C-alpha cells in the first residue's frame, strides 16, 4: 500500500509544497512520479497530463475573467467607499469580522451560489483594513475555507444539492439506496467537527495580532485615498450595476464565465472603463488570478494521470484487504484513502464516484448502514479538499489574500486549513460511521 503510485505521488506533492517549492512545479513533479511508478513512461505520462488539462479549462477561464472584473472594480474607486464604511464597524472586533467572513462565504455555496467569485472582489480592497487591525491572515483564510466547504457538505441547496445528489446517485449505482433527505443527517456530525475547528482557529490559534506591511497595490493603495474618489460618480453606479449583472447571470446560467463576461462588458459599455484600457486591465487580472488558473489546469492533468494508471482503485482495494470485519478499522482506512486521493486531485466532487464504487460494497459486507456509508463517502471525499494545494477551497482565499505578496499559499492557507478542518473531519467521520 505504501508503494502505491498515488501514495508516493501525494507524498512528493506534500513534501515539495511544504518545502516552499512552487505548487505548479510540485504538481508537475508529483505527476511524473505517479506516472513512472505506475509503469508509464515519461513521454506517456506527459501526454496524459496534457490531455487532461481541459478538465478544468472552464474553471481556469472563469478565474482569469473574475480577476479582470476585480481589477475593473478596484480601478473604479468604489472600494474606497467600502473601506470607509467598513472601518468603524471592524475596529477591535477581530473575532466578529472573521465569523462574518465565514458567514459570507457560506452564502456563496447555497443562497447565492457563486463559489469563490466574491473573494477577488471583496478581500483585496479590505486588506488595508485588516492590516490596520493586525488580523492574522491565516485566520481569514481559515474562515473563508470553512464557508467554501461546510455548507455544501450539510445543506442540500446550490452546490450542496449537487454534492448530495452525487453521493446518493453513486451509492444507488453501486447497490445501496439512500434518499437525498438522509444525506444532511449523515453529514451533520463531520460538519460539526469542522465548526469546532473554525471556532478554535478564530478564538485560539489566530487570535494574536500579526503585523503586515502596507504595500501599495492596485487594490489597496487607491482605496479611497484619492480626492476624486471621495464623491459618488457615474462609474460607481456602473460598478454596482456590473456586480448585479454578474450575480444574476451566475444564478440564471450557473456559469462563472458568462457571469464574469457580463460584468466586464457592462463596465465597458456603460463607460466606467474605456476600451483602450483593456490591455492594462487584462494584465492586472492575469497577474492576480493567472497562477490559480494554471494550478487548476495542471491539477486536472494530474488527476487524469492518477486515474488512468488505475492506481486509485488499487489503493482502495489494498486498503479493503486490511479491514476484515472491524467497523472502526474500515472507517479509519476509508478516511486515509479519501485523504490521499482527494489531497492530490483537489476536488471532493470528483472523488465521490471513485470512492463510492469500492466503499459501498465494502460497507455492505461489514454491515454498515446507508447513513454511515454516506457519512464515510462524503467525509472521505471532502477531507483532502480543505488542505489540498490544488483545491479551489484553498486557492481562492490565497488569490485574495496574496495580492500584496504577504500570504504564502501552503503555510498560510493549506496548513492552517488542514490542521483545523481535516483533523476534525477525520475524527468526526470515524465517529459518524460508528454511531449512525
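Taking the average, over residues, of other Cβ atoms within 10 Å as the packing measure, peptides 255-267, 198-210 rank 255-267, 198-210 from highest down. Between residue 255 and residue 215, what's the calculated FRET efficiency when r is the beta-carbon distance and R0 is 41 Å? Round to 0.05. So, using R0 = 41 Å, E works out to roughly 0.75. Using 20 Å bins from zero, what percent of all Cα-Cα pairs in the chain falls into each bin? P(r) over the chain, rounded to whole percents: 26, 56, 17, 1. Among 404, 214, 136, 279, the ranking by other beta carbons within 10 Å of each residue's beta carbon, starting with the fewest, stands as 279, 214, 404, 136.
Within the listed set 182, 109, 250, the residue fluctuating most in the Gaussian network model of the chain (springs between alpha-carbon atoms under 10 angstrom) is 182.
Under the simplified labelling scheme, the residue 244-residue 169 pair shows an inter-label distance of 3.5 nm, with each label point 7 Å from Cα along Cα→Cβ. The stretch 1-57 and the stretch 263-285 have Cα centres lying 38 Å from one another. Each peptide among 124-130, 69-75 gets the average number of other Cβ atoms lying within 10 Å of its residues, and from highest to lowest they stand as 69-75, 124-130.
Could you tell me how many degrees, from 0 to 90 and to the nearest 10, lie between the Cα long axis of helix 78-90 and the main elongation axis, the longest principal axis, of the Cα atoms of the chain? Compared with the principal axis, the helix lies near 70 degrees.
Overall size of the stretch 392-436 from C-alpha positions, given as principal axis extents largest first: 47, 16, 9 Å. With springs only between Cα atoms under 10 Å apart, run a GNM on the chain and tell me which of 212, 152, 421 wobbles the most. Among 212, 152, 421, the largest GNM mean-square fluctuation belongs to 212. Across the chain, the mean sequence separation of Cα contacts (distance under 8 Å, 6 or more residues apart), normalised by length, yields a relative contact order of 27 percent. Packing, taken as the mean count of other beta carbons within 10 Å per residue, orders the peptides 297-303, 13-19 from highest to lowest as 297-303, 13-19. Stretching residue 195 away from residue 276 to a fully extended chain increases their span by 24.4 nm, per 0.36 nm per residue minus the current alpha-carbon distance.
Helix 159-173 and the longest principal axis of the Cα set of the chain meet at an angle near 20°. For the pair residue 265 and residue 132, label points projected 7 Å from Cα toward Cβ lie 3.9 nm apart. Label-to-label distance, residue 100 versus residue 435, with points set 7 angstrom from Cα along the beta-carbon direction: 3.4 nm. Fully extending the segment from residue 204 to residue 25, taken as 0.36 nm per residue of separation minus the present Cα-Cα distance, adds 61.1 nm.
Work out, step by step, the length gained on full extension between residue 283 and residue 44: first 0.36 nm times the residue separation, then minus their alpha carbon distance; give nm to one decimal. Extra length available between residue 283 and residue 44 comes to 82.6 nm. With respect to the chain, whose longest principal axis is taken over its alpha-carbon atoms, helix 57-76 is tilted by about 20°.
Read-outs: derived from the displayed coordinates by stated rules, not from any lab. Remember, predicted model here, so these are calculated numbers, not experimental data. Counting neighbours? That spans all protein chains shown, and the Cβs are built from the backbone with ideal geometry, glycine included.
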